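Undergrad: Have a look at the structure that comes next, please.
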Amino acid sequence: MNQYKVERHLTWYYSVLAILLSVSIICIAIPYNHWRSTLDVCPSIGLENNNCACILFGVRTSQYFNGGHSSYCLYAIFAPLPITVYAIIMALFHMYRVCINDVGKYEDEKSTTIEEIEGEAIVATSRARVSNNNDAVIYCWIPTSIIAALFGIYNLIYVSIITHGFLKTCTQYRGYLASELHASGDHVSVIHFRLACQAIFDFMDYLQKDAPNSRRGDFINTAISLQLCVISSWLAVVLWFFITIHTARRAYKEREVLTCCGN
């Protein structure tokens, strides 16, 4: 694959990646803002407020259903911002090169010329090649592949945390729901083993009471919002993998060229 095609693919990868990361941020910010006053009912210890307002890592107690610590939701909202900005910058950079600059477009194409020397026909085959002097981007394939790999790991840690928080809230609310509905026998089994998290959060949307002196406002679809956040974040991890592979393969092809990190 020549450099032009690689950069065209990277334009799409980075663009979709920026969209997915933006979706994950929005889809965790909405339920956090919707539920924070309702779930923040954990008792304060002395002068310290435990601040349990996060929809992730919710905990069932004897009286209330408490949210997780707000730091979890703040992390879920702000952690993807740096890599989102990076993805937008790289998408615009490669888009500019693909749409305006044709460097590398004919890299793998062969041209054949026939010359006659002393009565003999000589076939000369040449391959178009990006000029190292004209295209400085070939010096940075190794650094960009390393950055993509690091951001992919960063994104993997992020999505693992929010996935665990989503499942923790779902599991804890199953028990809270069973106690609120005074379920027994097979009803408890259905709640714990047959209802999907989608249904559990649907119950939460309509049955979870507001905390004293707080109002949630209109109902939202908490399950869809959280699931979109998790799914888009996992898809972003997959895209980081493809970006790393593309840039690493290009770096290998340019392995004899100096990188911007030195010799």
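The values are calculated or read from the model by the stated rules, or taken from the named source; none is laboratory data. From a predicted model like this one, the values you see are computed outputs, not experimental measurements. Glycine gets a Cβ as well: all are built from the backbone with ideal geometry, and neighbour counts include every protein chain shown.
Undergrad: Are there helices (runs of 4 or more DSSP H) fully within the range 167-263 with at least 1 residues that are modelled with pLDDT under 95 and within 30 Å of GLU7 (Cα to Cα)? List them.
TA: On the way: elements: 186-189, 197-207, 222-253.
Hits in the range 167-263: 222-253.
Undergrad: Scan the range 88-105 residue by residue and report those that are modelled with pLDDT under 80 and aliphatic (A, V, I, L, M).
TA: Step one: of the range 88-105, the residues modelled with pLDDT under 80 are 100-105.
Across the range 88-105, the qualifying residues are ILE100, VAL103.
Undergrad: Within the set of pairs 6 or more residues apart or between chains, which connect a residue that is without any contact (Cβ under 8 Å) to a residue 60 or more places away in the chain inside the range 173-185 to a residue that is aromatic (Phe, Trp, Tyr) and part of a loop (DSSP other than H, G, I, E, B) with Cβ atoms less than 7 Å apart?
TA: Nothing qualifies.
Undergrad: Just the residues that are surrounded by 19 or more Cβ atoms within 10 Å (Cβ to Cβ) and either touching a strand residue (DSSP E or B) at 6+ places or on another chain (Cβ under 9 Å) or basic (Lys, Arg) (or both), please, taken from the range 71-89.
TA: TYR72, CYS73, ALA76
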